[in-house]
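These notes are about the structure you will find just below.
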Amino acid sequence: MSSGCHRRCASHSVLTALAVAITDEKIQQQLIALIETIIVYKFPQQTREEITAMFELSDLKKTRFYQEAWGEGRQEEAVNIVLRQLKRRFREIPVSLTEQIQGLSVEQLESLGEDLLDFETQDDLVQWLKK
């Protein structure tokens, strides 16, 4: 096996562990491919073992890139869950409300996810979004 394959295989195993925290499979694959490419080109002289040692999972979780990717993944997942719950309750959700919901933070989406259980009409959602 060539050293390029060793590095690629090592980065793949480390990055696969990293991507487990992101639930969207498409995002996982894109993230793995991007980071693998960066690692292989950034460290062309290192062996698979050296790259693996350099990039322990705990170190990767501390990086700004990981934190941003993790936050974006959580926000997207929270939006999807809240929208599914609202569609189940009200059938149709106007585009304007959907766009407002997509702009909420994870914390706001978690709060909305709890509060929507008490909503009786879409007006309750509109009022919630105004506060």
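The values are calculated or read from the model by the stated rules, or taken from the named source; none is laboratory data. Please read all numbers here as calculations on a predicted model, not as lab measurements. For neighbour counting, all protein chains shown are included, and Cβ atoms are generated from backbone atoms with ideal geometry for every residue, glycine included.
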Exercise. Which one is modelled with the lowest pLDDT among residues in segment 91-125 that are under 19 Å from ALA78 (Cβ atoms) and in a loop (DSSP other than H, G, I, E, B)?
Worked result: SER105
Seminar exercise, completed: In segment 91-110, anything among the polar types (S, T, N, Q) and over 14 Å from ASN80 (Cα atoms) is listed as SER96
Exercise. In this structure, does THR23 turn out to be in a helix (DSSP H, G or I), at pLDDT below 70 and not assigned by TED's automatic domain parsing to the domain that holds GLU77?
Worked result: no
